[in-house]
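The values are calculated or read from the model by the stated rules, or taken from the named source; none is laboratory data. Small disclaimer: the values here were computed from a predicted structure and weren't measured. Using ideal geometry, Cβ is built from the backbone for each residue, glycine included, and neighbour counts are taken over all protein chains shown. These area figures cover heavy atoms from the full protein model, side chains too; ligands, DNA and RNA do not enter into them. Shrake-Rupley method; radii C 1.70, N 1.55, O 1.52, S 1.80 Å.
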Amino acid sequence: MNGRDDKILGVEELAGFFGVTNQTIWRWCKAGKIPAFKIGSQWKIRQSDLNKIINQKLTRKQEQLPPALF
């Protein structure tokens with residue numbers, strides 16, 4: 001997905017997706033836990049950046065699993 005086609009998500013969308021409050025998303029943005037940027041006073045997050053973080057966490061979790069028996 002190139003930058004022109006990348007969906008930009010707002011705080012409310014992310015809060016609903018993660019099941020947390022808007023304030024939690026704001027804290028994550030301010031702390032740098034998710035790659036976000038501001039347009040005016042509103043935090044925005046690219047969907048592709050969010051997907052990268054989720055994929056990295058899934059990959060790390062799979063690497064930590066014990067080998068399958070079968």
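The residues of the range 42-64 that are of a type in the set (D, E, K, R), open to solvent by less than 60 Å² (accessible area, probe 1.4 Å) and assigned to a helix (DSSP H, G or I) amount to a single one, 49. The set of residues in the range 42-61 that are under 11 Å from the mean Cα position of the chain (by Cα) and in contact (Cβ under 8 Å) with a residue 24 or more places away in the chain comprises 44, 45, 46, 47, 48, 50.
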